[in-house]
Structures are given as C-alpha cells and as structure tokens.
Amino acid sequence: MKVLELFDKRTQEWFCSALGEPTPVQKMAWPGIAAGRHVLVSAPTGTGKTLSAFLVFLDRMRREAQEGMLADELQLIYVSPLKSLAADIRENLRRPLDGIGAQEEITVGIRTGDTPQRDRQRMVRKPPHILIITPESLYLMLTSKTGQNVLATAKAVIVDELHALIDTKRGAHLMLSLARLDHLCGRPLQRIGLSATIAPLE
C-alpha cells in the first residue's frame, strides 16, 4: 500500500500537488501514527517532521467534520519549548488546513505566557481542536479547573524540539505534566516526539 492511501482523497490530492512525494521520514511515521502508536521522529531540519506529526490528525478531523462527528472539544496538543516556534506552527498549519479544505472546520488555539486574558477566556468557552502550548503554560492549565476542563478531552500530544528538553529540569517537569495529563484524560495519550538528529536514539 502506498503511504498516501492512509489519507482521504482530498488530502492525497493536496499533498501531491503542493509537495509531491512524501519524504522518507513521513513514509515511516504516518503508518505508526495512524495506527495509534507512540512515535519518535528524529531527523534533520527540512525533512518534513512537522507535517509527519500533524497530517494524520488533520485528515482524521476533516473526515469527522464532513460526517458531522467532530465535537467542539480539544483533540490534539502540540507542545513547543519556544514561544516563537509555537507561533510559527500556527502559521504553518494554515497551508495544509487550506489545502484539504478544513480551515473553517478545524480550529487552532495558542497558549503561551503572552496570550491575552480575553483569548484565554475564549478558549475556555470554546476549546480549539488543536492547542499549541509551551511546557510552562501546559503546567499552569493543569493546575486550574477551567484549564483541566479544556485539556480533559485530548487524545494525542506532539512534543517538538525534544533534543532541547532531554536531560534538563524543564524536560523532567514536562514529563511530569504529561503524566498528569494522562491521569486527567483517564488514559495514556498517544505521544509523538519530534527531534533534530540525536544519538543514541534509544
């Protein structure tokens, strides 16, 4: 089976016309992510790591939206150790969302220390389907009842820039937050880790 056959025809057509052939990283990551397994993607910049992590979920949510089955609740959490990277990811998601025709159906929110209070309150009233967040803001959301209510419906979490978190206090603190998130959601969330090339991978 060609790896693009994992996706809806609209997603396949957009990917082929916009990007061509999937990269080796994408070919290896998508089947595991689609099967619900935990996946660690370690590869150099420019190899399509971000889309390897997101596209399965974007495609799945679009299908649910088309069938009227996409609930107005949080589905996917993307954790970035850098506030600037978090903002970049939101911009980078617009291209595939536009391409697969899901810009209106799938909502994306961002939560960092700079997020205005009005935006935080709006997120509580209507959670986004995808939440882009820093480790510190995830911790703060886990300590409040309103934050817990938003996070409790998550099904998967993407952690980017793992190489910058490994063997640091910040990374250990994030792992504790992810364990708390599993407990809050009542099940282990699917985890996708993204990293620059690291060795040993184990």
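Per residue, the stretch 1-136 exposes 51 Å² of accessible surface when a 1.4 Å probe is rolled over the protein heavy atoms with every protein chain present. By definition, a body whose alpha carbon gyration tensor gives a ≥ b ≥ c is prolate when a/c is 1.5 or more and a/b is larger than b/c, and the stretch 141-202 fits this prolate description.
Length gained on full extension, ALA152 to LEU82, computed as 0.36 nm times the residue gap minus the Cα-Cα distance: 22.8 nm. Averaged over residues, the count of other Cβ atoms within 10 Å places the peptides 50-59, 72-81, 172-181 in the sequence 50-59, 72-81, 172-181, highest first. Using Cα springs under 10 Å in a Gaussian network model of the chain, which residue among ILE106, ILE133, ILE158 shows the largest mean-square fluctuation? The residue with the greatest mean-square fluctuation here is ILE106.
Taking 0.890 mPa s as the viscosity and 25 °C as the temperature, the Stokes-Einstein diffusion coefficient of the stretch 5-81 based on its alpha-carbon Kirkwood radius rounds to 181 µm²/s. Note on ASP167 and ALA35: the extension gain reaches 44.6 nm, defined as 0.36 nm multiplied by sequence separation minus the Cα-Cα distance. For the stretch 74-155, the set of GluC sites (Glu not before Pro) satisfying both a DSSP loop assignment and a count of at most 12 other C-beta atoms within 10 Å is given as GLU104.
Taking 1 over the mean of 1/r across every pair of different Cα atoms in the stretch 54-160, what Kirkwood radius in Å do you get? Radius from the Kirkwood sum: 13.9 Å. Across the chain, C-alpha contacts under 8 Å between residues 6 or more apart give a mean separation that, scaled by the residue count, equals a relative contact order of 27 percent.
Using a Förster radius of 30 Å, what is the FRET efficiency between ARG125 and GLU91 based on their Cβ-Cβ separation? Nearest 0.05, please.
Working: r = 24 Å, r/R0 = 0.81.
It comes to 0.80.
Across all Cα pairs in the chain, the calculated P(r) in 5 Å bins from zero up to the longest distance comes to 1, 7, 16, 20, 22, 17, 10, 5, 1, 0 percent per bin.
The values are calculated or read from the model by the stated rules, or taken from the named source; none is laboratory data. Remember, it's a predicted structure, so these values are computed and weren't measured experimentally. Note that we place each Cβ from the backbone using ideal geometry, even for glycine, and neighbour counts take in every protein chain shown. Note: areas computed on protein heavy atoms with side chains; ligands, DNA, RNA excluded. Shrake-Rupley method; radii C 1.70, N 1.55, O 1.52, S 1.80 Å.
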